[in-house]
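Only one structure is covered here, and it is reproduced in the block below.
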Amino acid sequence: MSEQGPLNEFLAEVDSGAFERQITAFLTEVSKSIFRFNKGGKLDVSFKIEPAATSAQNGAGIKVNVISTAKYSRPTPTGKINEETTTETPMWVNKDGSISLLAKSHDDLFAGQMNVTKMTKE
């Protein structure tokens with residue numbers, strides 16, 4: 001089995017994997033209709049990525065909202081059928097440029113805050 005790449009990891013995390021399953025279902029619908037009616041179809045997938053209102057945390061990256069849209073057009077005997085779905089997922093842009101559901105690093109999360117005293121048993 002091949003190693004999972006950044007796009008596969010991203011798709012698996014958008015809407016907890018539901019969006020990936022949706023575009024797979026759309027692709028199957030379009031393909032079946034093309035086979036059945038010998039006419040072309042279309043599947044469009046887009047991602048709009050915007051910073052969240054409370055976007056940055058020290059060392060954790062930038063919090064973003066990923067708006068995912070999939071829409072398809074599949075042929076029928078006398079025309080076409082269209083469907084569209086849109087979801088929004090809060091995610092993190094990490095220091096390495098990857099986008100994930102959870103921040104990959106919290107190394108500076110408590111920088112600038114008061115020191116925690118080591119507690120010992122006496």
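Just one of the numbered conditions (1) at pLDDT 95 or above; (2) aliphatic (A, V, I, L, M); (3) under 16 Å from the mean Cα position of the chain (by Cα) is not true of Leu102; which one? In the conditions (1) at pLDDT 95 or above; (2) aliphatic (A, V, I, L, M); (3) under 16 Å from the mean Cα position of the chain (by Cα), Leu102 misses (1) alone.
Of all the listed residues (Lys32, Lys39), the sole one being surrounded by fewer than 13 Cβ atoms within 10 Å (Cβ to Cβ) and modelled with pLDDT of 90 or more is Lys32. Among the residues of segment 28-57, just one is in contact (Cβ under 8 Å) with a residue 40 or more places away in the chain, within 30 Å of Ser98 (Cα to Cα) and among the hydrophobic types (A, V, I, L, M, F, W, C), namely Ile49. Anything in segment 42-64 that is polar (S, T, N, Q), surrounded by 13 or more Cβ atoms within 10 Å (Cβ to Cβ) and modelled with pLDDT of 95 or more? List them, or say none. Correct list: empty.
The values are calculated or read from the model by the stated rules, or taken from the named source; none is laboratory data. If you're wondering where the values come from, they're calculated on a predicted model, not measured in any experiment. With ideal geometry, Cβ positions are generated from the backbone for all residues, glycine too; neighbour counts draw on all protein chains shown.
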